[in-house]
1. Go through segment 1-15 residue by residue and tally those that are within 19 Å of Lys117 (Cα to Cα) and either in a helix (DSSP H, G or I) or out of contact with any Phe, Trp or Tyr (no Cβ under 7 Å at 6 or more places or on another chain) (or both).
2. Could you pull out the residue among Glu59, Glu72 that is modelled with pLDDT of 75 or more and either within 15 Å of Lys4 (Cα to Cα) or touching a Leu at 6+ places or on another chain (Cβ under 8 Å) (or both)?
3. Just to be sure I understand, how many residues within segment 18-46 are hydrophobic (A, V, I, L, M, F, W, C), in a helix (DSSP H, G or I) and buried (at least 18 other Cβ atoms within 10 Å of the Cβ)?
4. Mind counting the residues in segment 53-63 that are loosely packed, with under 15 Cβ neighbours inside 10 Å and either assigned to a strand (DSSP E or B) or without any contact (Cβ under 8 Å) to a residue 24 or more places away in the chain (or both)?
5. Report yes if some residue within segment 87-95 is within 11 Å of the chain's Cα centre (by Cα) and either among the aliphatic types (A, V, I, L, M) or modelled with pLDDT of 90 or more (or both); otherwise report no.
6. I'd like the full set of residues that are open to solvent by 10 Å² or more (accessible area, probe 1.4 Å) and within 18 Å of Ile65 (Cβ to Cβ), limited to segment 3-17.
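The values are calculated or read from the model by the stated rules, or taken from the named source; none is laboratory data. This is a predicted model, so every value here is computed, not measured. Neighbour counts run over all protein chains shown; Cβ positions are idealised from the backbone, glycine included. Keep in mind that these areas ignore ligands, DNA and RNA; they rest on the heavy atoms of the full protein, side chains included. Shrake-Rupley method; radii C 1.70, N 1.55, O 1.52, S 1.80 Å.
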Amino acid sequence: MIFKIENYLALREAAEQFTAFLIEKKVDEERAFDCKLIVYELIGNVLKHSGGNATLYGEVEDGLICLKIGAERPFCPPNTAVCADVLSESGRGLFLVQKLCEEQAFTAEGEWIITIKSK
């Protein structure tokens, strides 16, 4: 599935459609929820910090979910995210994303590739 996301409404619609796609492909509901969280966090960061549109590509193959998130204007996250302190209002999203992934890579073209187990 491929989505072009220009705003937060399109992000919500894409996240819901992608989650339904994962459930249809027999992905464990907990993993589908993890993917939804990852999509919201990463694409939300692209929309907020890069000032451009985002793309989401997702597939399920051989027990793995592969997400590719691109940005019209690449947004390069830190290599290692640290969880913010308890009183912080933000700063936990990238930390959670890294904990949920099997693998992740950030390409020179600005595409974030994430692999998650489907069960």
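1. We begin by selecting, within segment 1-15, every residue within 19 Å of Lys117 (Cα to Cα); these are 1, 15.
Subset that is either in a helix (DSSP H, G or I) or out of contact with any Phe, Trp or Tyr (no Cβ under 7 Å at 6 or more places or on another chain) (or both): 15.
Residues in segment 1-15 being within 19 Å of Lys117 (Cα to Cα) and either in a helix (DSSP H, G or I) or out of contact with any Phe, Trp or Tyr (no Cβ under 7 Å at 6 or more places or on another chain) (or both): 1 in total.
2. Of Glu59, Glu72, the one residue that is modelled with pLDDT of 75 or more and either within 15 Å of Lys4 (Cα to Cα) or touching a Leu at 6+ places or on another chain (Cβ under 8 Å) (or both) is Glu72.
3. Qualifying residue count for the region: 9.
4. 3
5. Looking through segment 87-95, at least one residue is within 11 Å of the chain's Cα centre (by Cα) and either among the aliphatic types (A, V, I, L, M) or modelled with pLDDT of 90 or more (or both).
6. Pass one, segment 3-17, residues open to solvent by 10 Å² or more (accessible area, probe 1.4 Å): 3-4, 6-10, 12-13, 16-17.
Correct list: Phe3, Glu16, Gln17.
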